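**Q** Starting off with a structure, shown below.
The values are calculated or read from the model by the stated rules, or taken from the named source; none is laboratory data. All of these numbers come straight from a predicted model, not from anything done at the bench. So basically every Cβ, Gly included, is an ideal-geometry build from the backbone, and we count neighbours across all protein chains shown.
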Amino acid sequence: MNSTLRDVPPIILLNLDHESFIFNEKLSFICEGVMVSLKLRGIIYAGQSYFTCRFIERTGKMWFHDGITTGRRCLPEININRVEDKLSLHRCGEKRAVAVIYARDD
């Protein structure tokens with residue numbers, strides 16, 4: 001499917017309904033002849049009646065947050081660039097990925 005974009009939003013949230021989604025580092029669009037990229041910045045997980053998430057810095061460093069177990073703190077995790085099997089990101093403990101967040105760097 002081809003679409004024409006007049007503007008690329010600063011943030012895109014994609015709902016995941018299956019585990020075949022490939023976690024690409026970035027999404028790229030051509031908008032009025034200019035390449036615009038959004039980078040993976042977060043993964044939201046659901047299960048056991050609540051949500052958790054992973055935040056991803058510009059450097060690729062991932063942080064885990066679970067308000068029940070970590071409170072207001074985020075715990076550092078591996079750099080996403082070192083995750084060999086990106087499909088493993090579909091799971092975080094007992095929870096499964098339900099959404100991803102991509103954001104522009106500019």
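**Q** Taking the range 39-59 as the region of interest, how many residues are over 11 Å from the mean Cα position of the chain (by Cα) and in a loop (DSSP other than H, G, I, E, B)?
**A** Counting residues in the range 39-59 that are over 11 Å from the mean Cα position of the chain (by Cα) and in a loop (DSSP other than H, G, I, E, B) gives 4.
**Q** What are the residues in the range 57-92 that are touching an Asp or Glu at 6+ places or on another chain (Cβ under 8 Å), modelled with pLDDT of 90 or more and hydrophobic (A, V, I, L, M, F, W, C), if any?
**A** Scanning the range 57-92 gives Met62, Trp63, Phe64, Ile80.
**Q** Which one is modelled with the lowest pLDDT, of the residues in the range 4-27 that are farther than 13 Å from Tyr102 by Cβ and among the polar types (S, T, N, Q)?
**A** Thr4
**Q** Determine, yes or no, whether Arg54 is within 12 Å of Arg104 (Cα to Cα), surrounded by 11 or more Cβ atoms within 10 Å (Cβ to Cβ) and modelled with pLDDT of 95 or more.
**A** When the stated conditions are applied, Arg54 does not pass them.
**Q** Could you check, for the range 83-104, whether at least one of its residues is of a type outside the set (Asp, Glu), assigned to a loop (DSSP other than H, G, I, E, B) and more than 17 Å from the chain's Cα centre (by Cα)?
**A** No, because not a single residue in the range 83-104 is of a type outside the set (Asp, Glu), assigned to a loop (DSSP other than H, G, I, E, B) and more than 17 Å from the chain's Cα centre (by Cα).
Results for (1) surrounded by 11 or more Cβ atoms within 10 Å (Cβ to Cβ); (2) among the hydrophobic types (A, V, I, L, M, F, W, C), shown as yes or no for each residue.
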site	(1), (2)
Phe21	yes, yes
Phe29	yes, yes
Glu32	no, no
Thr59	no, no
Gly67	yes, no
Thr70	yes, no
Cys74	yes, yes
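**Q** Now, a different point. Being of a type in the set (S, T, N, Q), at pLDDT below 95 and not in a strand (DSSP E or B), is that true of even one residue in the range 28-38?
**A** no
**Q** Mind checking which pairs have a first residue in the range 25-54 that is more than 30 Å from Arg72 (Cα to Cα) and a second that is not in a strand (DSSP E or B), Cβ under 6 Å, 6 or more apart or different chains?
**A** Close Cβ pairs (under 6 Å, with a partner that is not in a strand (DSSP E or B)) amount to Phe29/Val8; Cys31/Val8; Val36/Val8.
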